[in-house]
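Rule-based calculations on the coordinates, nothing more; no lab input. Nothing here was measured: the structure is a model prediction, and the numbers come from that model. FYI the Cβ positions are ideal-geometry reconstructions off the backbone, even for glycines, and counts take in every protein chain you see.
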Amino acid sequence: MQTTGRISNEISGRLTSFFLLYFLQGMPYGIQTRFLPLQLRKVGMSLTNLGYFRMVLAPWVLKGLWAPIIDRTGDLKMFVCGSHIVLVALSLIASQFPPEYITVLGIVLFLIHLSVAVQDIALDGLLIDLLTPAQLVAGNMVQVIGYKLGSIVSGGFFGFFTEIAGWDILFLSLAGMYALGYMISVISIPSAVQNDIIFPDEDGSETQIPVNSNVSSMLGFDDTNSVPMELSLRQRRQRPQQSIYQLVDIEGTMWLLPFVFLYKCGDQGVSSLFPMFMIDAGLDMAEVAFWGGCVGQVFSLAGSVVGGVLRKKVLKSKVHRTALLLFFFFSEMIYY
């Protein structure tokens, strides 16, 4: 019983640490999509140039190019800790340049998103390595909620904070937060000591897959060869092509991909332009930041929770119809 309690406490502690790290990871997204456009529009940047400025998010689109390299290094903790050090330095640099320095700010933000995109790959890998498939449900919840809350705070609260304290104090505070994230990473994430586990393939051959020894020790397995296959998903991560093929083979994937793409295009377009129109209409920036960054993101988070409940309680087709009806309903309300 003591062993079970110790395991439970360790898992809870790690989930809390992951929540805080994902919270910090979500902050640059809120800054880029909610807070910064208001600041740049305030100093006179056109809507066209604001659209071009979103190209600093390119590392998130391209992260699949270097994800396999990071994933195969084994020392994922190094990337998480290193990215926090880089983020502290970049935040200190950003504090010295107000929004009028567009070029410098764009370069710094690009490097920030590059660092966070690298961190995201490593952090997701650690989450998979340190949790069993049964625990990944809680891990995924921690990931989504932590990231969303981080974007809510940076997208909404930072608007108020800037009006009171100023641009430099804002990024100095952000540097302090990332310094705290570095300490959390060093203390809470175990070192990546790897052991080889033999996994049988479907064709009868065997594949050696390294797995974090902390998983086996935490769960009471002294002999790594006795760790059952379901305790780690590293085998799938080492074979990304196979996982992609399996995903495409799932019924409904091919029509769902363009549907989600079109939905996100419309969603991002509306959520990006609507606050700009509010600024042009003469509303106070703090008020726009509150409604767009805080209230809007809270409803987005609530929608994710409601969608998950509907997915369990209602048939798939009814969930889709309900979502479309709600979308058209609120669209008509905004129009009128």
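Net charge within 13 Å of residue 167 by Cβ-Cβ distance, Lys/Arg positive one each and Asp/Glu negative one each, not counting residue 167 itself?
Details: positive: 42; negative: 100, 163, 168.
Result for the neighbourhood of residue 167: -2.
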| said: Residue by residue through the range 35-41, what is 3J(HN,Hα) from phi via Karplus (6.51 cos²θ - 1.76 cosθ + 1.60, θ = phi - 60°)? Round to whole Hz and write x for glycine and proline. | reply: 7, 5, x, 5, 5, 6, 5
| request: Enumerate the calculated ³J(HN,Hα) couplings along the range 148-159 in order (Karplus 6.51 cos²θ - 1.76 cosθ + 1.60, θ = phi - 60°), each rounded to whole Hz, writing x wherever the residue is Gly or Pro. | output: 5, 5, x, 5, 5, 5, 6, x, x, 5, 4, x
| note | Phi-derived 3J(HN,Hα) across the range 50-58 with the Karplus relation (6.51, -1.76, 1.60, θ = phi - 60°), rounded Hz, x for Gly and Pro, is 4, x, 5, 5, 6, 5, 5, 7, 3
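Could you rank the peptides 119-130, 102-113, 12-23, 250-261 by their average count of other C-beta atoms within 10 Å per residue, with the highest value first?
Details: 119-130: 22.2, 102-113: 17.1, 12-23: 19.0, 250-261: 9.8.
Answer by packing, highest mean first, reads 119-130, 12-23, 102-113, 250-261.
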